Amino acid sequence: MDNNDNYFYKKRNQGTDTKKLVLIIAGVIIGTVLVFLSGCFFMMMMDRDKVHDNDRLTACDSVRSKERYVANDGALDENAEAAEEQHQTMADDDAEKVRRTLAEASYVKYENGRFGYSASYPSCFRMEMESENGDGMRLSMGQGISMNIYGFYNVNEKTIRDLFEEDRGNATYSVQKKNWYVVSGFLHDDMIFWKKVVLMNNFENMEVFVTLNITFPGRMKDAVNSLIEYENKHFK
């Protein structure tokens, strides 16, 4: 083989080696790129799973929160109902005590020296105060139940009808007879009043309006019926 042949042979081998090297480098680059892309895809899948897991956890937390809210709301309703039942039971017990106390009480006669009238009240009532001008007194038996008895001269020469028309404005019940009238209705805070007014002549033959006024909570309405019936019959 002459020198020219050796030269061409070497050149051909060098070209082949260069191609192999290029292929190797290209393979390494492609492999690296594939590995990088695989890693990116794997990370994307991991992130998506985390998002899904977070969504599932959030949904579960939301469901649990709603369940707790519903449970707490139900517990509050039950507590409110229990408190209302307890309050009603206590109110019923108090009303029954008042009813029994009034049923067992005797009646005490009160005589007013200034205006010359008299009235009777249950012995379970206690005097809170007597007016300074001597026109009457205020009594109470507790539980928000009180009684006022007082009189005043008919200085303006009004009829029983005149006074009745003035008094009946805020009443839900009213009745007027020959020399007396009764009005009843609601005050503030569920309080009820029952009022009877009698026009009479005292020991000096002077006209006097005498008033008996009972106030009580609405929950005691049935309990004080016997008291109102008694005063309606005897106070005259």
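What follows is calculated from the coordinates using simple rules that are stated; it is not laboratory data. This structure is a prediction, so every number in the text was calculated from the model and none was measured. Reconstructed Cβ throughout: ideal geometry from the backbone, glycine too, with neighbour counts over all protein chains shown.
Overview of values
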| quantity | calculated |
| --- | --- |
| Scattering profile of segment 150-220 at q = 0.12, 0.15, 0.23 Å⁻¹ [log10 I(q)/I(0), Debye over alpha-carbon scatterers] | -0.34, -0.51, -0.98 |
| Karplus-derived HN-Hα couplings along segment 143-148 (A = 6.51, B = -1.76, C = 1.60, θ = phi - 60°), whole Hz, x at Gly and Pro | 6, x, 9, 9, 9, 10 |
| Virtual paramagnetic centre 7 Å along Cα→Cβ of Tyr230, amide N under 17 Å, in segment 146-189 | 146-149 |
| Equivalent-ellipsoid semi-axes of segment 113-236, from the Cα gyration tensor, Å, largest first | 23, 18, 12 |
| Fully extended contour minus Cα-Cα distance, from Phe186 to Glu96, at 0.36 nm per residue | 30.2 nm |
| Value of relative contact order over segment 89-214, rounded to a whole percent, pairs C-alpha under 8 Å and six or more apart | 18 |
| Neighbour-limited loop hits for chymotrypsin sites (Phe, Trp or Tyr not before Pro), segment 123-209 (at most 14 other Cβ within 10 Å; DSSP other than H, G, I, E, B) | Phe203 |
| Cα convex hull of segment 118-183, projected area averaged across orientations, nm² | 6.0 |
